[in-house]
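J.: Below is one structure. I have some questions about it.
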Amino acid sequence: MNAILIVAAKEFRDGLRNRWVLSITLVFGLLAMGLAYFGASASGVVGFTSLATTIVSLASLAIFLIPLIALLLAYDTIIGEEEQGTLLLLLTYPLRRSQLLLGKFLGHAAIMAVSTVLGFGVAALLIALLSGELLDLKLWQAFGFFILSATLLGWVFIALAYVSSVLVTEKSRAAGAALLMWFWFVLVFDMLMLGGLVISKGAAGGDWLAYLLLLNPTDVFRLANLAGFAAARSYTGLSHITVGPLFEPAALTAILALWVIGPLSLALWLFKRRQI
């Protein structure tokens with residue numbers, strides 16, 4: 001465990017030195033503040049809107065931004081070390097491959113967690129002060145859940161990036177694989193679902209539609225934030241297809257956690273069998 005923490009601390013320090021933490025924090029903070037201020041501009045209103053409205057806007061846009069940032073952060077974790085010639089050196093130390101990978105994951109996970117909490121948290125505090133909702137506990141609960149789920153979504157795509165980084169033999173291929181994963185989970189999956197509904201004229205939907213959405217972590221994140229709390233539910237039409245115990249906030253959080261554990265376990269298994 002000590003070896004894992006040493007590797008994690010080193011990765012986190014690298015993130016601070018390379019300005020990853022600062023950059024991600026600023027991006028998240030500015031995104032939240034910008035959406036809160038300009039979110040209603042289409043209706044001719046400019047000014048800070050409620051936290052509930054901001055959550056809906058952020059949940060819709062964060063699924064494009066968070067996976068991309070996480071993939072950029074971690075796509076070259078293993079193949080990058082191998083191309084630089086440092087991976088073989090690291091493995092000569094009294095350090096198992098599983099410890100190295102888990103340590104790197106903890107370091108990257110800490111970067112995403114700190115940046116998400118600081119970026120969205122500070123923005124939420126400013127929005128609540130300026131919109132007069134500082135004492136609304138239900139909205140704070142919804143926004144707190146948004147920050148938690150956003151952190152988990154980032155961890156999911158860090159784990160997915162590890163899988164591609166272990167599988168490929170060149171850094172450029174790892175970048176290409178990361179881009180393909182982003183397209184699949186963020187764009188293509190939902191387009192195929194929508195296309196199936198259109199072709200079948202709704203006959204392929206029904207109760208199965210909601211369960212198929214659970215096969216995509218970005219959709220799990222969206223469902224959790226748009227249909228999980230009454231504060232946000234009133235602004236969206238998704239709630240009518242998310243009925244049942246699997247679509248409660250706690251269950252959706254657990255599903256996101258499984259999306260972290262599954263790819264990370266696969267990356268560990270592949271890394272142990274990789275020829276260096």
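FYI, it's all coordinate maths here, none of it is from the lab. As the structure is a prediction and not an experimental result, all values here were calculated from the model. Backbone-built Cβ (ideal geometry, glycine too); neighbour counts: all protein chains shown.
J.: Once you have a ≥ b ≥ c as the square roots of the Cα gyration tensor eigenvalues for segment 95-168, tell me rounded if a/c is under 1.5, and otherwise prolate or oblate according to whether a/b is larger than b/c.
T.: prolate
J.: Kindly rank 260-270, 113-123, 83-93, 143-153 from highest to lowest mean number of other beta carbons found within 10 Å of each residue.
T.: Ranked by mean Cβ neighbours within 10 Å, highest first: 143-153, 113-123, 260-270, 83-93.
J.: Assuming 0.36 nm per residue, please report the length gained on full extension of the stretch ARG17 to ALA3 beyond their Cα-Cα distance.
T.: 2.9 nm
J.: Using r as the Cβ-Cβ distance of TRP184 and GLU83, and R0 as 22 Å, what FRET efficiency do you calculate, to the nearest 0.05?
T.: E between TRP184 and GLU83, to the nearest 0.05, is 0.30.
J.: Quick check on packing: order 184-191, 172-179 by the mean number of other C-beta atoms within 10 Å, highest mean leading.
T.: Highest mean packing first, the order is 172-179, 184-191.
J.: Which ³J(HN,Hα) values in Hz, rounded to whole numbers, follow from the phi angles of segment 81-98 under the Karplus curve 6.51 cos²θ - 1.76 cosθ + 1.60, where θ = phi - 60° and Gly and Pro get x?
T.: 5, 5, 5, 7, x, 8, 5, 4, 5, 4, 6, 7, 6, x, 9, 6, 4, 5
J.: Within the set of other residues whose C-beta is less than 13 Å from the C-beta of ARG13, count the net charge using Lys and Arg as +1 and Asp and Glu as -1.
T.: Computed value for this residue: +2.
J.: Next question, about the same structure. Multiply the residue gap between ALA110 and ARG273 by 0.36 nm, knock off their C-alpha separation, and tell me the result in nm, one decimal place.
T.: The span from ALA110 to ARG273 would gain 56.0 nm if fully extended.
J.: In what sequence do LYS171, LYS10 fall when counting other Cβ within 10 Å, fewest first?
T.: Going from sparsest to densest Cβ surroundings: LYS10, LYS171.
J.: Using a 7 Å offset from Cα along Cα-Cβ at LYS10, what residues in segment 107-129 end up with backbone N under 14 Å from the label point?
T.: Inside the label zone: 107-108.
J.: Taking θ as phi - 60°, what are the ³J(HN,Hα) couplings along segment 173-185 by the Karplus curve (6.51, -1.76, 1.60), each to the nearest whole Hz, with x for Gly and Pro?
T.: Per residue, the Karplus-derived 3J(HN,Hα) values read 5, 5, 5, x, 5, 4, 5, 5, 5, 4, 4, 5, 6 Hz.
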